[in-house]
Each structure stands twice: as C-alpha cells, then as structure tokens.
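See below for the structure under consideration.
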Amino acid sequence: MHTDTEPPESLLVERAQDGDEHAFERLVRLHQDSVYRIALRTLGDAAEARDTAQEALITAWRRLPDLRDPQTFRAWLYRIVGRLALNAVRARRPEAPDAPEEDKYEERSAGPADRALATDLHQALVKALAGLPPPQRICWVLKEMEGLGYEEIAEIVDTTPTAVRGRIHRARTHLVEALESWR
C-alpha cells in the first residue's frame, strides 16, 4: 500500500540507524540532489562532484550509528559532503575548474536568444564561483543555493555564524564585481 506522506525524516534516520537499508535509501532520495549540488558548486566538475556525493552518502551510511540526534541528519550529511568537497579542492593543483558540463541552465519557455543569454550568464556565474576561495564558495552555495541559515552553515563548515556571515559577504562582493558586466 502506497501512501502520499513520507514518514518524518527523524523516523527514517532512526530506522536506518537500526540497519533498515530501505529507510536509508529513502533518505538518499530525499537528499541526493542537494548533496550533488553542494559538491558540484564547490568542485566545479560534474564527474568529481558525482564521486564526492557518492562518497558522502557511503560515509553517512557507515557513520550513521554515530549520529546522536536524528533531527540533525541534514546538517550532518551536508557537513560530510562539504568537508569531502573542500578536501578535494585542497588536494588539487591550483587551477580554476571548468564550467560543469551537466549543470547548464535551461528555461524551456524562453526563446533561443534568451536561452543563450541565460547560458552565458550561468557560465559567468560558474566562473566567478570558481574564483572564490573554497571556504567562501561552500558558505555561499549552502546559503544561496540550498537556503540554509547561518547557524546551520556554521555547524556544517565547523565555524561560527559570524565567520559564515563574513565569508558570504566577501563571496557576494566578489560575485557582484565579477558579474558587473551583466548588470
């Protein structure tokens, strides 16, 4: 029997902590897109982002018994992917990533000229994001793309809300300057 209501996330977490693989699969379905977006926006490479997202989900499954408060699952999962992505950025040679191939902006109702303009703007944003230091980039992605609050971001990136505000402010300033020609 199928129901339209999903059990509360904390209940799925508790079931998964008890070894229920189906509950964890449901958690993965709920969060896999966000986990991938965080990795993609941090890394700037679609293949590397897929690998990092998969590694984050595997790590979450293995460490799930250590999670004390099921209500904090989302922040805990985002912390895992954020740290893995930042570690991957730090391990690279210092070079700017290319624009993600699978992350093209497309609006179906727009005409060809509008789609081309939107794609160009999107590419400029991707390039500008790649120019941010990784700590600023991850904070900006979590705030602007995932809609998280300062407290939650601070918990994810293991810093203070004040530091998060500063990073986001500096990221916004950089992005405004980098996208000035689009105004």
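The values are calculated or read from the model by the stated rules, or taken from the named source; none is laboratory data. The model shown is predicted, which means the values in this text are computed figures rather than measured ones. A quick note on method: Cβ atoms are made from the backbone with ideal geometry, for glycine too, and the neighbour counts reach across all protein chains shown.
In the range 144-183, which residue that is in contact (Cβ under 8 Å) with a residue 60 or more places away in the chain and outside any loop (DSSP other than H, G, I, E, B) is farthest from ARG79 (Cα to Cα)?
Here is the first cut: in the range 144-183, the residues in contact (Cβ under 8 Å) with a residue 60 or more places away in the chain are 145-146, 148, 152, 155-158, 182.
Narrowing the set further to residues that are outside any loop (DSSP other than H, G, I, E, B) leaves 145, 152, 155-157, 182.
Working: MET145: 15, GLU152: 10, GLU155: 8, ILE156: 4, VAL157: 6, TRP182: 33 Å.
Ranking the candidates gives TRP182 first.
Restricting attention to the range 127-149, which residues are closer than 18 Å to SER34 by Cβ and either crowded, with 16+ Cβ neighbours inside 10 Å or assigned by TED's automatic domain parsing to the domain that holds TRP76 (or both)? Passing the criteria: LEU129, ARG137, ILE138, CYS139, TRP140, VAL141, LEU142, LYS143, GLU146, LEU148.
Within the range 113-128, is there a residue that is at pLDDT below 90 and under 16 Å from the mean Cα position of the chain (by Cα)?
Going residue by residue through the range 113-128, those that are at pLDDT below 90 are 113-128.
In the following step, the residues that additionally are under 16 Å from the mean Cα position of the chain (by Cα) were identified as 125-126.
Yes, the range 113-128 contains a residue that is at pLDDT below 90 and under 16 Å from the mean Cα position of the chain (by Cα).
For first residues located in the range 41-65 and more than 19 Å from GLU146 (Cβ to Cβ), partners that are assigned to a helix (DSSP H, G or I) and of a type in the set (S, T, N, Q) and lie 6+ apart or on another chain with Cβ distances below 8 Å form the pairs LEU64/GLN17; PRO65/GLN17. Filtered by the rule that a residue be in a helix (DSSP H, G or I), of a type outside the set (Gly, Ala, Ser) and within 20 Å of LEU129 (Cβ to Cβ), the range 44-78 gives GLU48, ARG50, ASP51, THR52, TYR78. Among the criteria (1) surrounded by fewer than 19 Cβ atoms within 10 Å (Cβ to Cβ); (2) basic (Lys, Arg); (3) assigned to a helix (DSSP H, G or I), the one ARG41 does not fulfil is (1). The criterion of being at pLDDT 85 or above, under 24 Å from LEU84 (Cβ atoms) and touching a helix residue (DSSP H, G or I) at 6+ places or on another chain (Cβ under 7 Å) does not hold for PRO133. Taking the criterion of being in the same structural domain as ASP33 (by TED's automatic domain parsing) and modelled with pLDDT under 85, would at least one residue in the range 71-90 satisfy it? Scanning the range 71-90, I find at least one residue that is in the same structural domain as ASP33 (by TED's automatic domain parsing) and modelled with pLDDT under 85, so the answer is yes.
Go over the candidates ALA56, ALA39, ALA47 one by one and state the one that is within 21 Å of ARG90 (Cβ to Cβ) and out of contact with any helix residue (DSSP H, G or I) (no Cβ under 7 Å at 6 or more places or on another chain).
Values: ALA56 fails: out of contact with any helix residue (DSSP H, G or I) (no Cβ under 7 Å at 6 or more places or on another chain); ALA39 fails: out of contact with any helix residue (DSSP H, G or I) (no Cβ under 7 Å at 6 or more places or on another chain).
From the options ALA56, ALA39, ALA47, the qualifying one is ALA47.
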